[in-house]
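Single-structure report; data block below.
Each value in this text was obtained by applying a stated rule to the coordinates, not by laboratory testing. Quantities reported herein were computed from a predicted structural model and do not represent experimental measurements. Cβ atoms come from the backbone with ideal geometry, glycine included; neighbour counts cover every protein chain shown.
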Amino acid sequence: MNAPTAPDAFERRLVRVTQEGLPLVPRPYASIAAVLGVSEAQVIERLQAMLERGAIRRIGAVPNHYAIGYTANGMSVWDIDDSAVDRVGELLGRQAAVSHCYRRPRRLPDWPYNLFAMLHGRQRAEVDAQLAALAALVERECGAVVRARDILFSSRILKKTGLRLGAGPRET
């Protein structure tokens, strides 16, 4: 594997222009290109190259669930047998009800959970029903690998941010 390369001046400018999010316009890459004084194709090509070499992990939309009416947001937490956690995570991650799913180490003895899957609904009962359906799916597809599960409902909105570059040397 090649050693990672540091971003060049153009990539640093590109990250700074996009770090607050893409513009909400029909052609966001064209808008970014106009700010940077390059073509839309150059912006897309460079972002693709950064994705391919791992300089950035993803480009995605992060909806404000509260603004679109989903006020019952819960992180389902699962204690899954280690031999099955990847298989269960892949299964959960494919479900429409799950916005994101990831594995984390347990923090024993107080925190036995090693898999997390975010659920969203308009009411807590809706999210509870999603969790019950997911648990039934996991048992049907993977067997009795769930030792425990719970759901932690959000009590406040936390601002999500991606990559941030600090003010470095002045660039042109």
Global geometry of region 9-53, whether rounded, prolate or oblate, following the gyration tensor of its Cα atoms and the 1.5 cut on a/c: rounded
What FRET efficiency, computed as 1/(1 + (r/R0)^6) with R0 = 25 Å and r the Cβ-Cβ distance, is obtained for Arg103 and Glu139, rounded to the nearest 0.05? 0.85
What's the extension gain from Arg124 to Glu40 if we count 0.36 nm per residue and subtract their Cα-Cα distance? 25.9 nm
If the chain between Arg94 and Ala6 were fully stretched, how many nm would it gain, using 0.36 nm times the residue separation less the Cα-Cα distance? 28.3 nm
Roughly how compact is region 96-144, stated as its Cα Rg over 2.2 N^0.38 Å to two decimals? 1.28
Using the Cα centre of region 9-53 as the reference point, and only Cβ charges (+1 on K/R, -1 on D/E), how large is the resulting charge dipole? Debye, rounded to the nearest 20. 120 debye
